[in-house]
Amino acid sequence: MNLPPSAIITGITGQDGSYLCELLLDKGYIVHGIVRRSSSLDRPRLLSHYNDPDIYGKRLFLHYADLTDPTSIRRIIAQTAPIEFYHLAGQSHVGLSFEIPESTCDLTAMGTLRIMEILRDQPNNPRFLHASSREIFGTPTVSPQDETTPQNPNSPYGCAKSFATQMVRVYRDSHGLFFCNAICYNHESPRRAENFVTRKITLAAARIKLGLQSKLMLGSIDSARDWGYAKEYAEAMWRMLQHDQPDDYVLATGTSYTVREFAEAAFSHVGLDWKEYIELDQRFIRPADAESLLGDASKAQRVLGWTARTKMHELVRIMVDYDMDRLRQSKERT
Ligand code: NAP
């Protein structure tokens, strides 16, 4: 009898990790998620599976470990012998990385290297996916950017991702390991943390519509981003590890919109004019920020058959509708 495939996900409680967990469970995997200790046991993005007795403890297992504690990760890998390892954990906020550069680099750069060192020792050669970022390009001089675009990061987060991305390539080329980089452009969803600009906007549009908030303060609204839907990016990550050759892939929609356009779409979806509610606040402007970012994911399309189907306006609708529903439900409960 064939055993089901098993995978480890770091960052399983995050936006991408929770979508990837669902995808792998749907495909019949045994999923081992690494979670760190926190003062709250709330794991809202995993709640439905965590509370399902047919899944939790049978096909989904959570293990305590931390990116700063490689012994704990080594033990889990030895106990579970995964065939695939999806490394999504890290300090994922670019702006915050200017406030906490040391821990960002320790988790994102060294944390990735520590895992790769452990995987190098495994007899079954697990396949490894690293969630890299378009931030490795900093302010690019070419547009759109692809896998060959020179790295030139301009934030602590980007520097840490750049180090980890290069090390993945070194381990693949020097040790012959099946290690891949998913070079992700922004991807959002209703599960995006509330301190990211897209979620701030969709939540504010819903709250203002329901009379729960009056204004939204934003930094630069002229920066343009290539925004996709996180659920689709999780699928691309899985496809990368199913291919017969390890490689790096840019994951992007190939379309770019400004923060202003995103806000306009979100507020107009609930029948409001964004100009009446959004105010600019210098405090939210980053020390260094790329004006415009656009990814070329044609390699992922050609080799993996993957495309980002959900573009900005549809993504906005998904996020605003979710926030409206959730707020209405909590209003009804009170
Ligand atoms: P996210 O929602 O912020 O999730 C980050 C995850 O990392 C959470 O599960 C978090 O656990 C975990 N984590 C943080 N520090 C940890 C530590 N010391 N030990 C163990 N786990 C730790 O991020 P995301 O949006 O899902 O992104 C996933 C990955 O893709 C990240 O590496 C991010 O940098 C990268 N990426 C994302 C985007 C994007 O647009 N979303 C774009 C490019 C690259 P807690 O739940 O306990 O906080």
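Write down the percent of antiparallel bridges among all DSSP beta bridges whose residues are both part of the chain, to the nearest 5.
Values: 3 of 39 bridges.
Once the DSSP bridges in the chain are tallied, antiparallel ones form about 10 percent.
Quote to one decimal, in nm, the extra length available between SER40 and LEU3 on full extension: 0.36 nm per residue of separation minus the C-alpha distance between them.
9.9 nm is the gain from fully extending SER40 to LEU3.
For region 161-275, what does the relative contact order come out to in percent, with C-alpha contacts under 8 Å and a separation of six or more?
33 percent
Considering only the other residues whose Cβ falls under 13 Å of the Cβ of SER72, what net charge follows from Lys and Arg at +1 and Asp and Glu at -1?
Value of the local net charge: +3.
Taking every pair of alpha-carbon atoms in the chain, what share in percent sits in each 20 Å bin, from 0 to the bin with the longest distance?
Cα pair-distance distribution for the chain, in percent: 31, 59, 10, 0.
Quick check for you: with a 1.4 Å probe and neighbouring chains kept, what is the accessible area per residue of region 59-118, in Å²?
43 Å²
If I stretch the segment between PHE196 and LEU23 completely, what's the gain in nm (0.36 nm per residue apart, minus their alpha carbon distance), one decimal?
Once the chain is fully extended between PHE196 and LEU23, it gains 59.9 nm.
For region 74-110 and region 17-56, what is the separation of their C-alpha centers, rounded to whole Å?
So the two Cα centres are separated by 18 Å.
Using Cα atoms only, what is the angle between the long axis of helix 259-269 and the major principal axis of the chain, expressed in degrees (0 to 90) to the nearest 10?
With rounding to tens, the tilt is 70 degrees.
Rg and Dmax of region 214-334, using alpha carbons, in Å: what are they?
Reported Rg and Dmax, both Å: 17.6, 54.
If the cut-off is 19 Å between C-alpha atoms, which lysines fall inside it for LYS299, apart from same-chain ones fewer than 8 positions away?
Within the straight-line cut-off, LYS299 pairs with LYS311.
Assuming R0 = 22 Å, what is the FRET efficiency of THR258 and GLN301, from their Cβ-Cβ distance, to the nearest 0.05?
My answer for the efficiency is 0.30.
Angle check, please: helix 312-333 long axis (alpha carbons) against the longest principal axis of the chain (alpha carbons), in degrees 0 to 90, nearest 10.
Here the helix axis deviates by roughly 80 degrees.
Ignoring ligands, DNA and RNA, what percent of the accessible area of region 7-49 is carbon or sulfur (1.4 Å)? Intermediate values should be presented prior to the final figure.
Details: 860 of 1810 Å².
About 48 percent, which is the carbon plus sulfur part of the accessible surface.
If I stretch the segment between THR334 and ASP69 completely, what's the gain in nm (0.36 nm per residue apart, minus their alpha carbon distance), one decimal?
91.2 nm
Among DSSP bridges having both ends in region 1-130, what percentage is antiparallel? Round to the nearest 5.
If I count the DSSP bridges inside region 1-130, around 5 percent turn out antiparallel.
Relative contact order for the chain using alpha-carbon pairs under 8 Å, separation at least 6, rounded to a whole percent?
17 percent
When only C-alpha pairs under 8 Å and at least 6 residues apart count, what is the relative contact order of region 6-74, in percent?
32 percent
Hey, which of these cross-link pairs are over 19 Å Cα-Cα: LYS58/LYS231; LYS209/LYS331; LYS215/LYS275; LYS161/LYS200? Let's see the in-between values first.
Details: LYS58/LYS231 24 Å; LYS209/LYS331 13 Å; LYS215/LYS275 10 Å; LYS161/LYS200 24 Å.
Exceeds cut-off: LYS58/LYS231; LYS161/LYS200.
Using the heavy atoms of the protein chains and a 1.4 angstrom probe, tell me the accessible area per residue for region 152-247 in square angstrom.
34 Å²
The values are calculated or read from the model by the stated rules, or taken from the named source; none is laboratory data. No experiment lies behind these values; they were computed from the predicted model shown. Heads up, the Cβs are rebuilt from the backbone with ideal geometry, glycines too, and the neighbour counts pull from every protein chain shown. Just the protein is used for accessible areas: all its heavy atoms, side chains included, with ligands, DNA and RNA removed. Shrake-Rupley method; radii C 1.70, N 1.55, O 1.52, S 1.80 Å.
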